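The values are calculated or read from the model by the stated rules, or taken from the named source; none is laboratory data. The shown structure was predicted, so the numbers you read here are calculated from the model rather than taken from an experiment. Methodologically, a virtual Cβ is constructed for each residue, glycine included, from the backbone with ideal geometry; neighbour enumeration extends over all protein chains shown. Each accessible area value is taken on the protein alone, full model and side chains, heavy atoms only, with ligands, DNA and RNA left out. Shrake-Rupley method; radii C 1.70, N 1.55, O 1.52, S 1.80 Å.
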Amino acid sequence: MLKTIMPEQNVERAKQAANYGMDWMRQLMEESLNQTRAIFDGFLTTARKTADSFDQQAAEVRERSMSMATDTLSNSIDFAHRALKVRQPQDLLQLQTEFVSRQAQVVAENSKMLETIARGASDLGKFPSQSLEEASRRSQAA
């Protein structure tokens, strides 16, 4: 009788061990998938933020460039109108000095703004890698 009970108990123990192993594998896979989803969601969020920032910076560059073009063209037309009315050579020299000074001022002001935008774009390039590292840390902590 003892010999017939033993194999049944061994079969039952083997089933329990197999079920335990399968449950453990399921839990491991579920955790892995949850971490993968968290990393992927973090990546997508970072990509959206980066794209939005690029769009915003491109709009700023476009607006600043158009503003600079408008200002320099306006100064040029104003200079041409005023130059037509000049009667003395020294007045033309004074007018030209004012024109060049205004143009340099417009370019300098806009160059500072474009430099600031360029620095922001450089900083923006660092943002995706930092965000991905953070998302990876969060998924590992979960």
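The table that follows gives values for the structure above.
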{"item": "Accessible area per residue in Å² at 1.4 Å probe, computed on region 1-126", "result": "81"}
{"item": "Packing-based order for 55-63, 8-16, using average beta carbon neighbours within 10 Å, highest first", "result": "55-63, 8-16"}
{"item": "Fraction of accessible area attributable to carbon and sulfur, region 1-61 (%, probe 1.4 Å)", "result": "61"}
{"item": "Surface accessible to a 1.4 Å probe, LEU33 within the full protein complex, Å²", "result": "110"}
{"item": "Modelled FRET efficiency - R0 30 Å, ILE117 with SER74, Cβ distances, 0.05 increments", "result": "0.85"}
